[in-house]
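K.L.:
Could you have a look at this structure, given as structure tokens, before my questions?
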Amino acid sequence: MKILFFVGGISRESLNRKIFHAMAVMSPLDVEIATFPIEELPFFSQDQEKDLPSKVRELKDAVEIADGIVFITPEYNRSIPGVLKNAIDWASRPYGKNSFKGKMVAVLGASPGNVGTFGAQNHLDAILSYLEAMTMAQPETYLKVGDAFDAQGELTDPKLREILQLFWASFMTWIERHDAAGNGTHARHMGETPSAPLS
Ligand SMILES: Cc1cc2nc3c(=O)[nH]c(=O)nc-3n(C[C@H](O)[C@H](O)[C@H](O)COP(=O)(O)O)c2cc1C
């Protein structure tokens, strides 16, 4: 199973990137992990939609071959970082070629702040719903993170480890349940029907 991660924090010391590394280390054995360098995408412009930049084509391919997608988002001013929105906008285009349609997705995020990225995740849920992704509703994973990592960036907090393990298990079950029901869009079914968003 291929799971693609979008990590909205691109700084060297990003807390959310550390969460990603911890999740990669504890991933189930049959899972292949990938991430996409969203910081290498150009700024979205409709001028480039007819002839997509190569990085954008790579992005759409990565989304389309994934069996599941995890978004790990920081919270910037109670929303998601612009760099993450930029990647989502690209993958949703051009009109009729929304790569997220029917994809099994899950969202989590970490912040030192009290609401643990609730505001960002709330916005992200709305975006993904509009894009007809199938977002795992539970467990909601709003992480207020202080000293959970050592100087090497390794996860040292057992409680956080438990939360991330539960997230993994829940997401695998979410994907398998929809697989069994024949719902959702998998790599082999992608891109059959035109869909929102509107031009
Ligand atoms: C522009 C900006 C806006 C921020 N807004 C919020 C916010 O609304 N809520 C919050 O909890 N933290 C906020 N923060 C603090 C971030 O949660 C913190 O910097 C966090 O470490 C960012 O995630 P990252 O380390 O993965 O990049 C903000 C930080 C920046 C730079």
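The values are calculated or read from the model by the stated rules, or taken from the named source; none is laboratory data. In this text, all values refer to a predicted model and were calculated from it rather than measured experimentally. Glycine gets a Cβ as well: all are built from the backbone with ideal geometry, and neighbour counts include every protein chain shown.
K.L.:
Quickly run through the range 64-111 and pick out the residues that are more than 30 Å from residue 148 (Cα to Cα) and in contact with a strand residue (DSSP E or B) (Cβ under 7 Å, 6 or more places away or on another chain).
P.N.:
Correct list: 65, 102, 103.
K.L.:
Here's a follow-up. Yes or no: the range 119-131 includes at least one residue that is aromatic (Phe, Trp, Tyr) and either at pLDDT below 95 or within 14 Å of the chain's Cα centre (by Cα) (or both).
P.N.:
Going residue by residue through the range 119-131, those that are aromatic (Phe, Trp, Tyr) are 130.
The next check asks that each one be either at pLDDT below 95 or within 14 Å of the chain's Cα centre (by Cα) (or both); those that pass are none.
Among the residues of the range 119-131, not one is aromatic (Phe, Trp, Tyr) and either at pLDDT below 95 or within 14 Å of the chain's Cα centre (by Cα) (or both), which makes the answer no.
K.L.:
Hand me the list of strands (runs of 3 or more DSSP E) wholly inside the range 1-100 holding 2 or more residues that are surrounded by 21 or more Cβ atoms within 10 Å (Cβ to Cβ).
P.N.:
Hits in the range 1-100: 2-7, 68-72.
K.L.:
Still on this model: Pairs needed: first member in the range 151-172, acidic (Asp, Glu); second member anywhere, assigned to a helix (DSSP H, G or I); C-beta distance under 9 Å; at least 6 residues apart or different chains.
P.N.:
Taking only residues 6 or more apart or on different chains, the pairs are 154/18; 154/21; 154/22; 154/25.
K.L.:
Of these, 96, 113, which one is on the phi < 0 side of the Ramachandran plot and either more than 14 Å from the chain's Cα centre (by Cα) or more than 16 Å from the ligand (Cβ to nearest atom) (or both)? I'd like the intermediate steps shown before the answer.
P.N.:
On the way: 96 fails: on the phi < 0 side of the Ramachandran plot.
Only one candidate passes the filter, namely 113.
K.L.:
Only residues that are modelled with pLDDT under 95 and surrounded by 15 or more Cβ atoms within 10 Å (Cβ to Cβ): list them for the range 134-152, please.
P.N.:
none
K.L.:
Cβ-Cβ distance below 9 Å, separation of 6 or more or different chains: which pairs start in the range 105-120 with a residue that is under 30 Å from residue 65 (Cβ atoms) and end on one that is within 6 Å of the ligand (Cβ to nearest atom) and among the hydroxyl-bearing types (Ser, Thr, Tyr)?
P.N.:
Between residues of the range 105-120 that are under 30 Å from residue 65 (Cβ atoms) and residues that are within 6 Å of the ligand (Cβ to nearest atom) and among the hydroxyl-bearing types (Ser, Thr, Tyr), the close pairs are 117/111; 120/76; 120/111.
K.L.:
Counting only residues that are within 13 Å of the ligand (Cβ to nearest atom) and in a loop (DSSP other than H, G, I, E, B), which one in the range 116-146 is nearest to residue 79 (Cα to Cα)?
P.N.:
For the range 116-146, the residue satisfying everything is 117.
K.L.:
Only one of these is modelled with pLDDT of 95 or more and touching a helix residue (DSSP H, G or I) at 6+ places or on another chain (Cβ under 6 Å): 3, 80, 69, 19. Name it. Write out each step before concluding.
P.N.:
On the way: 3 fails: touching a helix residue (DSSP H, G or I) at 6+ places or on another chain (Cβ under 6 Å); 69 fails: touching a helix residue (DSSP H, G or I) at 6+ places or on another chain (Cβ under 6 Å); 19 fails: touching a helix residue (DSSP H, G or I) at 6+ places or on another chain (Cβ under 6 Å).
Step by step, each of 3, 80, 69, 19 is checked, and only 80 is modelled with pLDDT of 95 or more and touching a helix residue (DSSP H, G or I) at 6+ places or on another chain (Cβ under 6 Å).
K.L.:
For the range 18-33, which positions are out of contact with any Lys or Arg (no Cβ under 9 Å at 6 or more places or on another chain), touching a residue at least 40 places away in the same chain (Cβ under 8 Å) and either within 16 Å of the ligand (Cβ to nearest atom) or more than 15 Å from residue 169 (Cα to Cα) (or both)?
P.N.:
If the condition is that a residue be out of contact with any Lys or Arg (no Cβ under 9 Å at 6 or more places or on another chain), touching a residue at least 40 places away in the same chain (Cβ under 8 Å) and either within 16 Å of the ligand (Cβ to nearest atom) or more than 15 Å from residue 169 (Cα to Cα) (or both), then 18, 19, 20, 21, 23 are the ones that fit.
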